[in-house]
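We did not get these values from a lab; they are worked out from the coordinates using the rules stated. As the structure is a prediction and not an experimental result, all values here were calculated from the model. Cβ atoms come from the backbone with ideal geometry, glycine included; neighbour counts cover every protein chain shown.
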Amino acid sequence: MPLPDGFARRLLPILDDIVAVHGTPFHIYDARGIIETHRGMVRAFHGRPFRQYFAVKALPNPAVLSLLLDEGSGLDCASPVELELAEYVGAVGDDVVFTSNNTSLPEYDRALAAGALITFDDSSFFDKVGTLPSTVAFRVSPHGVSAGSPLMGDAAHTKFGVPADRIADAYREARRRGVTRFGLHGMMCANELDVDRAAAAAADVIELGARLAATTGIELDYINVGGGLGIPYRPEDKPFDFQAYADAVGAALRRCFPGREGPRILMECGRYVTGPHGVLVTRVINRSHKTREIVGVDASMSALMRPGFYGAYHHLTLPFATGRAHTRVDVVGALCENMDKFAIDRSLPDPREGDLAVIHDTGAHGHAMGFTYNGRLRPAELLLTDDGEVVEIRRAEGFADYLATARWPPRRVPVTASARPEHSPATREPR
Ligand SMILES: Cc1ncc(COP(=O)(O)O)c(C=O)c1O
């Protein structure tokens, strides 16, 4: 999408100066935009018990997480390292939800020790666990409206959650084991821009909560309707109307829990909160002609994997190339992979070497999905603060980072004698 107005107003007048002192490439995020989006979500629920837990995986930078925590957001973690990061920025107890899948027992123990609200992805794992948390939530598999959404992938063969028709038994078993407080989780959307479909998917989870109450007598403390709300990556996409969504969720609660307030609503959005409030700033360094015009920039897909990996569209602008005729180009990075393209056959004001290029909507699942293949290391992250300052919130990686986990010279692994191949059953003489 085009840059949000405020972000453009705050960033573009100083972009040249930032580049002059910092160089390219870098991601830069807009604190004001992130704060306003979070506040808008809270306002939309009109005082109804609601908490948004930012999905740490979308933008796991301490500066951004602590900004959101200060605003009253919780943090949604999916791994022990994310839990550690949440603690590092000051999240405690139910400031954190732990929504993992294919979880190990040590990972679970870590979440238990943190006092997080834990979502069990499957009842088979629940059965393995010794100590239970005081509140237990199960994640329901995509079903109902979301099962038919192309964005949810192959919902019929999902690896996530407990199938809806078996979930009541999971709650009965939890109650039998002494649990007295319950939540329900349903992540039913992925980058969903259609408010009606997103709201219908949330209503499916809320209705399931009401059916659980009717069939098991279990009253839920909360229903977590997950994340997955979309942002308009393409200029022709319409922004998601969060107010309409919150109103529809409120209506579903009134319908399913008449005469009662119903369970608290939690969400764990990432993309919707930070996605539009970040850009990747890069510079055109090469121009060549193959079957198409090729424009090489100084960032690679290791800094933003979505276009190369998913074929995802990210809007791209050349902010200082006004008045030029447009031409169709591929915008490429430097990885030895032909998929390393930020834009394919895109019409742009004829790019020249030295131009700055701004790749939009990198505030979520951008830097976070970065990697180091080819030694094309992850770039810096900057933040435009609420006071209009520019601060570095993660430096660019260098050779020392690339080497940080290597063992050179190698470190011996003290393998015990019985584990050596000559003693293993496969190599013994037959008796
Ligand atoms: C369980 C869960 N919660 C929340 C999210 C955040 O999704 P989004 O950033 O699209 O809102 C994800 C994304 O993968 C997820 O798997």
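Annotations for the structure displayed:
- Efficiency of FRET from Cβ geometry, ASP247 and VAL413, R₀ 56 Å, rounded to 0.05: 0.45
- Annotation: amide H-H contacts under 5 Å for PHE138 (H modelled 1.01 Å from N, sequence separation of 5 or more, or interchain): PHE120, GLY183, HIS185.
- The modelled label-to-label distance between ALA312 and CYS336, using points 7 Å beyond Cα along the C-beta direction, is 2.7 nm.
- Each Lys or Arg adds one and each Asp or Glu subtracts one; over the other residues with Cβ under 11 Å from the Cβ of PRO80, this totals -4.
- What the phi angles of segment 291-306 give under the Karplus curve with 6.51, -1.76 and 1.60, with θ = phi - 60°, is a coupling list of 6, 10, 6, 10, 10, x, 10, 8, 10, 10, 5, 5, 9, 6, 8, 4 Hz, glycine and proline written as x.
- Sparse packing (at most 13 other Cβ atoms within 10 Å of the Cβ) combined with a DSSP loop state is found for none of the chymotrypsin sites (Phe, Trp or Tyr not before Pro) in segment 248-314.
- For THR372, net neighbour charge (Lys/Arg +1, Asp/Glu -1) across residues whose Cβ lies under 12 Å away: 0
- Whole-number D in µm²/s for segment 139-198 (Stokes-Einstein; Kirkwood sum over Cα pairs; 4 °C, 1.567 mPa s): 102 µm²/s
- Note on segment 1-145: with charges restricted to the Cβ of Lys and Arg (+1) and Asp and Glu (-1), its dipole about the Cα centre is near 420 debye.
- Ellipticity estimate at 222 nm from DSSP helix runs (n ≥ 4, -39,500 (n - 2.57)) divided over the chain, nearest 500: -9000 deg cm²/dmol
- Three-way shape label, the chain, alpha-carbon gyration tensor, a/c 1.5: oblate
- At full extension, THR158 and VAL42 could sit 38.7 nm farther apart than now, given 0.36 nm per residue minus the alpha carbon distance.
- DSSP beta bridge pairing in the chain, given as percent antiparallel to the nearest 5: 40 percent
- Here the simple spin-label model places points 7 Å from the Cα toward Cβ, and for ILE285 and ASP94 these points are separated by 5.1 nm.
- Förster radius 30 Å - calculated FRET efficiency between ASP350 and ALA396, Cβ distance, rounded to 0.05: 0.55
- Computed label-point distance, nm, for sites ASP169 and ASP386 using a 7 Å Cα→Cβ extension: 5.0 nm
- Loop-located GluC sites (Glu not before Pro) in segment 357-393 whose Cβ has at most 10 other Cβ within 10 Å (DSSP): GLU389
- Net charge dipole size for the chain [Lys, Arg +1 and Asp, Glu -1 on Cβ; Debye, nearest 20]: 920 debye
- 5 angstrom amide H check on LEU382, placed H, neighbours 5+ away: HIS27, ILE28, TYR29, ILE393
- Residue separation of ARG324 and ASP221 scaled by 0.36 nm, minus their Cα-Cα distance, works out to 31.3 nm of gained length.
- Seen from ARG271, the other residues with C-beta closer than 14 Å to its C-beta sum to a net charge of -3, counting Lys and Arg as +1 and Asp and Glu as -1.
- Semi-axis lengths, largest first, of the ellipsoid equivalent to segment 58-211 are 25, 22, 14 Å, with √(5λ) applied to each eigenvalue of the Cα gyration tensor.
- Cβ-derived FRET efficiency at R0 56 Å, THR180 paired with ARG292, nearest 0.05: 0.35
- Helical segments meeting 30 Å axial Cα length and Kyte-Doolittle 1.6 threshold in the chain (DSSP H): none
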